[in-house]
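Engineer: Take a look at the following structure, please.
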Amino acid sequence: MSDRRVALHAIAIAAGTASIALSHGAAAGEIRVSGGGCGATVHLVARDAPLSDVLQQLAKSLHFELVGAADDDTRVNVDVARRPTDLVARLAGLDNISMTLEENPRCPGRERIVKLWVLPRKEVAATHATAAQAEQARREQEGIDTFLRAHGQATSKSQDGKRR
């Protein structure tokens, strides 16, 4: 291969790599985070950015650990200023999130996010179904106990509080 062909080949590879990088950058959208020191609010601007990228940027800017990812990487378009906990809760929307908070040693009287878990929605649905079933069973037992008491019968709990 001649030197000229090698040079043209290298240029083609570089152009292809740059094209891929630029298209990836365009797909990622714009994410800007400001504030988050001892101020009460964090200002987030996100334009057509995947939710997982926005959460990662918040984790980096606010110095917390992010575990898991959103089920569907919906595009986020916001320009909002809120407390960090409220901001994350609003962004996560229907996803199941859990936060660990602690008092911020650098900002007395203020909390900071230490860790944020984003769990899959199928786990949320299973958790809600189990909780709903438990609540339904509790209500049914309460109704049975009310009926039994009204008729002078022993309920599921005896006088000493133990189940029969």
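Engineer: Return the total of residues in segment 43-60 being closer than 9 Å to Ile31 by Cβ and hydrophobic (A, V, I, L, M, F, W, C).
Structural biologist: So the count comes out to 6.
Engineer: Let me ask you something else. Taking the criterion of being touching a Phe, Trp or Tyr at 6+ places or on another chain (Cβ under 6 Å) and among the polar types (S, T, N, Q), would at least one residue in segment 99-120 satisfy it?
Structural biologist: no
Engineer: Applying the selection to segment 30-60, what residues are in a strand (DSSP E or B) and among the basic types (Lys, Arg)?
Structural biologist: Matches in segment 30-60: Arg32, Arg47.
Engineer: Test Val124 against the stated conditions and say whether it is in contact with a strand residue (DSSP E or B) (Cβ under 9 Å, 6 or more places away or on another chain), closer than 30 Å to Leu62 by Cα, at pLDDT below 80 and surrounded by 13 or more Cβ atoms within 10 Å (Cβ to Cβ).
Structural biologist: For Val124, the condition - in contact with a strand residue (DSSP E or B) (Cβ under 9 Å, 6 or more places away or on another chain), closer than 30 Å to Leu62 by Cα, at pLDDT below 80 and surrounded by 13 or more Cβ atoms within 10 Å (Cβ to Cβ) - is met.
Engineer: Pick out the one residue from Ala81, Ala89, Ala69 that is modelled with pLDDT under 75, of a type in the set (A, V, I, L, M), touching a strand residue (DSSP E or B) at 6+ places or on another chain (Cβ under 9 Å) and surrounded by 11 or more Cβ atoms within 10 Å (Cβ to Cβ).
Structural biologist: Ala69
Engineer: Any residue in segment 131-140 that is surrounded by 14 or more Cβ atoms within 10 Å (Cβ to Cβ) and either farther than 17 Å from Val42 by Cα or modelled with pLDDT under 85 (or both)?
Structural biologist: no
The values are calculated or read from the model by the stated rules, or taken from the named source; none is laboratory data. Being a predicted model, the structure only gives us computed values, none of them experimental. Positions of Cβ are backbone-derived with ideal geometry, glycine not excepted, and every protein chain shown enters the neighbour counts.
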